[in-house]
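These notes concern the structure reproduced below.
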Amino acid sequence: MDNHYLVLDIGGTAIKHAVMDQEARILAHGEVPTPDRDVAGVPELLEALDGIVAADGDGAEGIAVSMPGMIDTRAGIARTAGHITYLSGVPVRSVLEERYGLPCTVANDGNCAVVAESWRGSLEGCRNAAVVGLGTAVAGGLVLNGRLYEGSTFSAGEFSHVAADWRGAWEQKDAYWGHVGGVGGLCHAVARRTGEDPATLDGRIVFERANAGDEDALAGLREYCDYTAVQLQNLDMLLDLERIAIGGGISRQPLLIEGLRKAVGRLVAASPMRHHNPTLPVPTIVACKFFNEANLIGALRLHLLAHGTAPDHMEA
């Protein structure tokens with residue numbers, strides 16, 4: 001294979017890996033568990049990566065990595081690393097380059113997703129746009145003026161840390177978008193109506209019920225969408241975006257995208273701030289195109305841009 005790359009999406013539970021060409025075609029792919037932060041560390045992670053590189057790294061032009069946290073892309077250091085706490089402070093790029101003898105890039109997973117969607121996905125052609133990933137927490141990425149925006153400390157798009165309730169922000173996790181706005185928040189909204197333990201629910205179960213017309217599941221979904229719509233409105237009002245693409249596993253559900261659009265409509269119709277300002281922007285909500293492959297595609301794109309080998313000249 002000519003001009004192919006090894007691409008890694010290191011998540012809290014699994015490491016997705018793929019061999020990809022310059023056009024982001026996936027030539028081979030797989031997945032292995034991420035070493036548990038409670039019982040493992042960097043040596044165990046490198047051992048897992050050794051197996052991936054041995055199987056798929058032969059002849060690769062480089063390694064592109066997507067991972068959570070505040071990633072200093074210039075220095076290749078994970079300032080923070082989300083749930084993979086043992087990678088916090090680790091110079092991931094230099095560690096991998098020295099170990100495998102290949103050029104490496106490292107980027108935040110939300111940034112990878114927005115780059116993928118802006119390049120060839122649902123945000124293509126937008127100069128100002130965002131990805132909001134609804135998963136265990138709330139990830140994100142921003143493209144402003146046609147370029148990826150990482151912020152002054154590489155924390156742009158860390159939507160989980162947005163305070164949604166000033167009264168509780170001093171001491172309650174429930175006051176933050178990431179704690180309530182992830183899939184767990186949806187499960188809690190349903191469980192409040194059914195009396196179930198929310199730990200017994202997940203996104204698959206909730207949407208199976210909602211798609212079957214279950215009233216409790218639909219009511220919980222509406223509450224979740226109303227909460228999320230407020231945050232999307234805030235994001236749009238701050239940045240005046242052309243589109244907001246929703247990612248994460250539940251973004252495959254048409255009921256979610258429909259629910260978010262309806263919730264935004266209800267908010268716009270009811271907002272007292274719009275009575276005298278009817279031309280204020282309204283968030284345009286779309287689903288991500290690439291779903292679980294977005295992080296891989298974006299990581300590759302950023303690697304190609306960093307090494308001057310991208311197949312076109314778009315910044316994002």
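Quick one: which helices (runs of 4 or more DSSP H) sit completely within segment 213-312 and have at least 2 residues that are open to solvent by 60 Å² or more (accessible area, probe 1.4 Å) and out of contact with any Ser or Thr (no Cβ under 9 Å at 6 or more places or on another chain)?
215-239, 254-270
Matching residues to (1) more than 18 Å from A229 (Cα to Cα); (2) out of contact with any Asp or Glu (no Cβ under 7 Å at 6 or more places or on another chain); (3) not charged (D, E, K, R):
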{"site": "G121", "(1), (2), (3)": "yes, yes, yes"}
{"site": "G125", "(1), (2), (3)": "yes, yes, yes"}
{"site": "A164", "(1), (2), (3)": "no, yes, yes"}
{"site": "D174", "(1), (2), (3)": "no, yes, no"}
{"site": "C187", "(1), (2), (3)": "no, no, yes"}
{"site": "D197", "(1), (2), (3)": "yes, yes, no"}
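What is the one condition in (1) outside any helix (DSSP H, G or I); (2) open to solvent by 20 Å² or more (accessible area, probe 1.4 Å); (3) not charged (D, E, K, R) that S160 does not satisfy?
(1) is the only condition that S160 fails.
Among V115, V106, V92, V132, which is the only one that is within 30 Å of H188 (Cα to Cα), buried (at least 23 other Cβ atoms within 10 Å of the Cβ) and of a type outside the set (D, E, K, R)?
Criteria check complete, one pass: V132.
Looking at D36, D9, D72, D56, can you tell me which residue is touching a Leu at 6+ places or on another chain (Cβ under 6 Å) and either closer than 23 Å to G133 by Cβ or basic (K, R) (or both)? Reasoning before the result, please.
On the way: D36 fails: touching a Leu at 6+ places or on another chain (Cβ under 6 Å); D72 fails: touching a Leu at 6+ places or on another chain (Cβ under 6 Å); D56 fails: either closer than 23 Å to G133 by Cβ or basic (K, R) (or both).
Just one listed residue meets the conditions, D9.
Could you list, in sequence order, the residues of segment 41-59 that are in contact with an Asp or Glu (Cβ under 9 Å, 6 or more places away or on another chain) and modelled with pLDDT under 95?
G59
For segment 281-316, give me each residue that is at pLDDT 95 or above, over 15 Å from S122 (Cα atoms) and β-branched (V, I, T).
Passing the criteria: none in range.
P68 is checked against (1) surrounded by 19 or more Cβ atoms within 10 Å (Cβ to Cβ); (2) out of contact with any Asp or Glu (no Cβ under 6 Å at 6 or more places or on another chain) and fails just one. What number does that condition carry?
(2)
The values are calculated or read from the model by the stated rules, or taken from the named source; none is laboratory data. Everything numeric in this text was worked out from a predicted model, so none of it was measured. Cβ: placed from backbone, ideal geometry, glycine included. Neighbour counts: every protein chain shown. Heads up: the accessible areas ignore ligands, DNA and RNA and are worked out on the full protein's heavy atoms, side chains in. Shrake-Rupley method; radii C 1.70, N 1.55, O 1.52, S 1.80 Å.
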